[in-house]
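Everything on this sheet refers to the single structure shown next.
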Amino acid sequence: MKLRTFKKGGVHPPENKLSANVPIRELGLPDQVSIHMAHHLGAPAVPIVEKGDKVKVGTLIARKGQAFISANIHSSVSGTVLKIDDVTGGSGYRSKAVIIKVEGDEWEESIDRSKELVEEIKLTPGEILKKIEEMGIVGLGGATFPSHIKYMVSDQRPADTLVINGVECEPYLTSDYRSMLERPDEILVGIQVMMRAGKVNRAMMGIEANKPDAIELLQTKVQKYPGVEVVPLKVKYPQGAEKQLIKALLNREVPSGKLPLDVGVIVNNVGTTLAIYEAVQKNKPLIERVVTMTGKKLKKTGNFLVRVGTPTTMLLEALGEEIPEGTAKIIRGGPMMGKALNSIDIPITKGTSGIILMDKSEVPRREPQTCIRCAKCISVCPMGLEPYLLEKLAKIDDFEGCEAEAVADCIECGSCSYTCPAALPLLDYIRYGKTNVMRLQRERRQK
Amino acid sequence: MINNNRLVVSFSPHEKGELEIEKIMWGVVIALVPAFAASVIFYGFHALRVVVLTLIFCIGIEYLIQKFILKVKVTAFDGSAAITALLLAFNVPAGVPWWQLLAGSIMAIGVAKMTFGGLGKNPFNPALVGRAFMLASFPVQMTTWPVPVQNLWNLGADAVTSATPLGILKEGVRMGKTVTQLAGDLPNYVDMLIGNIGGCIGEISVIAILIGGIYMLARKIITWHIPVFYLLSLAGFTGVFWLINPDKYADPLFHILVGGAMLGAWFMATDMVTGPMSIKGQIIFALGGGILCGAIRLFGSYPEGCSYSILVMNAFVPLIDKYVKPKRFGTEVNYGK
Amino acid sequence: MNLLILYSVLILGAVAAGAAMILFVVAKKFKVDEDPRIDEVLDLLPGANCGGCGYAGCRALAEALVKAADAGDISALFCPPGGSETMSAVGKFLGVEAAELAPTVAVVRCGGTREKAPAKLKYDGPVKCALSHSLFTGENNCPYRCLGLGDCVKACNFGAIHINEETSLPEVVEEKCTACGACVKACPRNIIQLRPKGRKGRRVWVNCMNKEKGAVAGKNCKAACIGCGKCVKECPEKVRAFTLKDNLAYIDPDKCIACGKCILVCPTGAITATFTPPKPKPKPQSKPKPQSQEVPQ
């Protein structure tokens, strides 16, 4: 059977799913957590607690900011607020965070901590939307987009399909895969909740063919839910990018500058689905997530259920390992789109899907040579752009030229830099062009 | 700092694919080996002499220019100078003297490539520029083709020369003979496939070139569009006229197999640096090239038009790149299923 | 043969004469009438086309000056490389008062040399400050430190700034700097500032942009401003050139008298100058009372 996929572009980095067979383990509690306020896409949240306040697991500690795109933040531990101070984030820049000293593990009474599956959905679509917003749910695929905004359907902008992203196309990462294997029933109820919130009758779950057991398990379970379909997809990066996923499943292309809702689709990650299930059915805010801890030189790898704000060092300790000799890069996220960290002592955020330790043999970039106009970058770009041209224009600061060449369409997947035979830093300059084009557009709007 | 090593911070992606410039270039050189073998089989020592000398000249000139004149990093051994050398050598007759090869190499590498900035910056195919220069400057030696040698080790200079099939055709038609009358002087298809014909040392054996071409396709160094559309448009153009007047014009199959068409379609037109960037653009490039080649062959004063057709289309490439863009994602408003 | 030469010369000569006449008529007919003052003003300007005045080249500034002079006031326009001398010459020619600004020069406000701010991380990417700044804090982890990749050097049209290999910080060559402001715009961290050259070239400035708390700043760089405030206290009462905001001291160049006292009290050496501050005279020991006193007559 021919597997579906998106036709344009794409590359095949080695999968390296080293932690695929490690079941999810709950990580113990740290001594203190640092929860950043700029935790998600959009405006940072505003803290509503002060030094000395006592909090429980699930207590609201920050309300969403004034802007439309923002989210609530809840405490992931019980204890005392130590201070609200600037804490280093992944790139070394410091930003405001709430630092809580952990005391015990007391949860808010309203949260249902039982493990039973709650299948009956008691809330109306509007109430579900409010619940998602209240509980601070953001996209756990890595983009951390506040999820409630995706469900703001209307008669002018309706949705007809819910797409669940179970693809996990980035190498090394296995948190979604393990969640699908270990908690399929909850995921499927979560899908029902989301279908009701978006007022859709159809849901499609895309899973890459390199996870056959997950596909089989979910295909059997999904039979009791009419309208939900599990679709195996060809293994190709970036299959998990939402525009490419919609193209592969429904053959619809989201137009430039528009969102999936404009083609009638709502896309959410598997991890977000679980978080929505817990938020709506168990009244539990987003306070923990599954993080993959991996690396070729680690003797053991793991998938951990981690409380938000836990220092990354705890994950290594839980594996019983020290940082391997020769570690030269620490990546938060996947190796294709993730961020290289300044140190390992960074708190886990809602968007941390994995931590990868790279050895110095894997790390140095080749010296860039000259563009030989081989056009390989064009053939692998999933958005149909011309990376070699965008790099040339961005290098000479021709931002109007970049705008004309649709640099804003770039999803920053990295396929171009990955492929280039001359090892040109294509994506570096494209990002530079993108930021400046957005600045130009903002300046034009203000005039 | 971790274990006294500094952590590396860079932009994503943090993985790198396997493609490298050197691997691509030497892949093309490997693809040219069958044509090289055919040249040695049919022209013996002379072909070997031409190829080795051009290789030394081209790589040497690039090395000297980079090291002593421009004082930049030396990349003469990355394979691109070798490709230019081989293609230039394959485009000359076996009897060309060494100093003309030197002049051609200086033109190809020094002028057509290095003055524009080196690899990746030249607008015209360097080997073809070298050949065009040699043809204009040394018309006698560049149009004197030794007969293929019967003995591989025949080191003596063969005084016997003949014209290429295209030359015979052009001259014959000009003198009023019909194609059927000339058929006896022209080689048959089998000879053209194998290479037992007069011509420049690399263009004679179609099979050798095809083997190289298929190798490059398998290794994804080139795509099929340019060679196929170039040959199709050449066949189409010459075919139209052959249908109108088969006495005056040779059949399209003859045209595809003879002269520099095969070598040009598979190795010269597919040069990455001087070709268009989008698939649609490459098709336009190839169609234009094939038609031009046919036009020069049928109506121009030169018997062979392949090199000029590609050089002219090279001049159009910036224009093609400006207006023929790849299709962007999100422009198709298609609601499938 | 002679006829051939004669005819060639006549015909070609006629063609040349015809072409010359056409060109002459067209040049006269389509001539753009321009105020001749613009060319005169242009001659007075330095002609570097650096853009420091805010206009696209010296000619554009000359046009603007003539226009402004007709309106009566050219004080809003200023050419930094030309300076007050040029502006007063232009003013004299146009018959209006010119602006008089103290000559300024580019000043790099970072003291994090390789020694004081050792590298803890390794940057692997294109050599461009704007890119490195958007990626992370920098090799020594200070978010305000100069990235040392030379965007300012590339922006300078006069070769007045270059990176010192030993310290990895940029250095300004005062004689070549025209204060056009290109390097100021190019720096993504606002480290370079145009400050008055000062009397006899004496100027003092806080060589740091770090707004973090002292303890945090000090961890990354030994020469950072820790916001201790000693300099504010030391600055003479009449002068009061300092402001301390966000853990960072700042010297107002219009008030500073370049006495250099603040440099001596700064615990980290974050304040620097173009001259060596005079060491304070040792405080006089309390003289022992004289054994005999001259009785005043």
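Computed from the coordinates by the stated procedures, all read-outs in this text should not be read as laboratory data. Predicted model, so just to flag it, every value in this text is computed and none were measured. Here Cβ is always computed from backbone atoms with ideal geometry, including for glycine, and neighbour counts include all displayed protein chains.
Structural remarks
- A simple count of charges around A:Ala43, restricted to other residues whose Cβ falls under 12 Å of its Cβ and scoring Lys, Arg +1 and Asp, Glu -1, yields +2.
- Placing R0 at 45 angstrom, the Cβ-Cβ distance between A:Val118 and A:Glu325 gives a FRET efficiency of 0.40 after rounding to 0.05.
- Distance from region A:194-230 to region B:209-241 (C-alpha centre basis), Å: 46 Å
- Amide H contacts for A:Val267 (H built 1.01 Å from N in the peptide plane; partners 5 or more residues away or on another chain; cut-off under 5 Å): A:Val163.
- Chain A: Cys lacking any partner C-beta under 4.7 angstrom: A:Cys169, A:Cys371, A:Cys374, A:Cys381, A:Cys402, A:Cys410, A:Cys413, A:Cys420
- Computing FRET efficiency as 1/(1 + (r/R0)^6) for C:Lys154 and A:Thr370, where r is the C-beta to C-beta distance and R0 is 30 Å, gives about 0.95.
- From phi via Karplus (6.51, -1.76, 1.60), per-residue ³J(HN,Hα) for region B:100-115 in Hz, x at Gly/Pro: 6, 4, 5, 4, x, 5, 4, 5, 5, 7, x, 8, 6, 10, 6, 5
- As a proxy for reagent exposure, A:Thr419, B:Thr115 were ordered by neighbouring Cβ count within 10 angstrom, fewest first; the result is B:Thr115, A:Thr419.
- Filter on B:Lys71/C:Lys185; A:Lys376/B:Lys23; B:Lys71/B:Lys121; A:Lys2/A:Lys376 - keep pairs with C-alpha separation over 21 Å: B:Lys71/C:Lys185; A:Lys2/A:Lys376
- Using 0.36 nm per residue and subtracting the Cα-Cα separation, the extra length available between A:Asp398 and A:Asp31 on full extension is 127.1 nm.
- Whether the protein assembly as shown is rounded, prolate or oblate, judged on the alpha carbon gyration tensor where a/c under 1.5 counts as rounded: oblate
- Convex hull volume per residue, computed on the Cα atoms of chain B, equals 200 Å³.
- Each 5 Å bin from zero up to the one holding the largest Cα-Cα distance in region C:37-94 carries the following percent of pairs: 4, 23, 37, 29, 7, 0.
- Between B:Ala37 and C:Lys230, the distance separating the two model label sites (each 7 Å from Cα on the Cα→Cβ line) works out to 8.2 nm.
- Note, ³J(HN,Hα) from phi for region C:267-274, Karplus 6.51, -1.76, 1.60, rounded to Hz, x at Gly and Pro: x, 9, x, 7, 9, 9, 8, 8
- Relative contact order for chain C, counting Cα pairs under 8 Å that sit 6 or more residues apart, in percent: 13 percent
- Cα centroid separation - region C:49-94 against region C:256-276, whole Å: 36 Å
- Residues whose amide H comes within less than 5 Å of that of C:Ile161, counting only those at least five positions distant or on another chain, are C:Val173 (H built at 1.01 Å from N in the peptide plane).
- Sorted into 5 angstrom bins from 0, the C-alpha pair distances of region B:162-323 split as 2, 10, 19, 22, 20, 14, 8, 4, 2, 0 percent.
- Within the shell of other residues whose beta carbon sits under 12 angstrom from the beta carbon of B:Ile197, the net charge comes to -3, with Lys and Arg scored +1 and Asp and Glu -1.
- Chain C: angle of helix C:83-94 to the longest principal axis, Cα-based, in degrees nearest 10: 40 degrees
- Fewest-first ranking of A:Lys199, A:Lys339, using other Cβ atoms within 10 Å as the exposure measure: A:Lys199, A:Lys339
- Listed by chain and number, the lysines whose C-alpha is less than 16 Å from the C-alpha of B:Lys177, apart from same-chain residues fewer than 8 away, are B:Lys248.
- Cα gyration tensor shape for region A:376-446, rounded if a/c is under 1.5, else prolate or oblate: prolate
- Between region B:1-42 and region A:345-386, the Cα center-to-center distance that results, in Å: 17 Å
- Shielding by partners, peptide A:359-365 (average Cβ within 10 angstrom, other chains): 3
- Taking the number of Cβ atoms within 10 Å of each Cβ as an exposure proxy, the fewest-first ranking of A:His39, B:His225 is B:His225, A:His39.
- Amide H contacts of A:Gly136: A:Asn72, each under 5 Å away and 5 or more positions distant or on a separate chain (H built 1.01 Å from N in the peptide plane; Pro and chain starts excluded).
- Placing dummy labels 7 Å off each Cα toward the beta-carbon, the span from A:Asp213 to A:Lys300 is 1.9 nm.
- FRET efficiency for B:Glu171 and C:Ala56, using Cβ-Cβ distance with R0 set to 51 Å, rounded to 0.05: 0.20
- Pairwise label distance in nanometres, C:Lys279 with A:Asp359, each label 7 Å out on the Cα-Cβ vector: 5.7 nm
- Binning all Cα-Cα separations of chain C at 10 Å, short to long from zero, yields these whole-percent fractions: 6, 20, 22, 18, 13, 8, 7, 5, 2, 1, 0, 0, 0.
- Overall, the protein assembly as shown carries a charge dipole of about 2200 debye about its Cα centre when +1 sits on the Cβ of Lys and Arg and -1 on the Cβ of Asp and Glu, all other atoms neutral.
- In order along region B:75-90, phi translates into HN-Hα couplings of 10, 5, 9, 7, x, 6, 5, 5, 5, 4, 4, 4, 5, 5, 4, 5 Hz, rounded to whole numbers, per the Karplus curve 6.51 cos²θ - 1.76 cosθ + 1.60 with θ = phi - 60° and x for Gly and Pro.
- Between A:Gly227, A:Gly166, A:Gly142, the Gaussian network model of chain A with springs among Cα atoms under 10 angstrom shows the greatest mean-square fluctuation at A:Gly227.
- Pairwise inverse Cα distances across chain A, averaged and inverted, put the Kirkwood hydrodynamic radius at 22.7 Å.
- Length-normalised contact order of region B:162-323 in % [C-alpha pairs under 8 Å, at least 6 apart]: 24 percent
- Charge tally in the Cβ shell below 10 Å around C:Pro143, where Lys, Arg are +1 and Asp, Glu are -1, C:Pro143 excluded: +3
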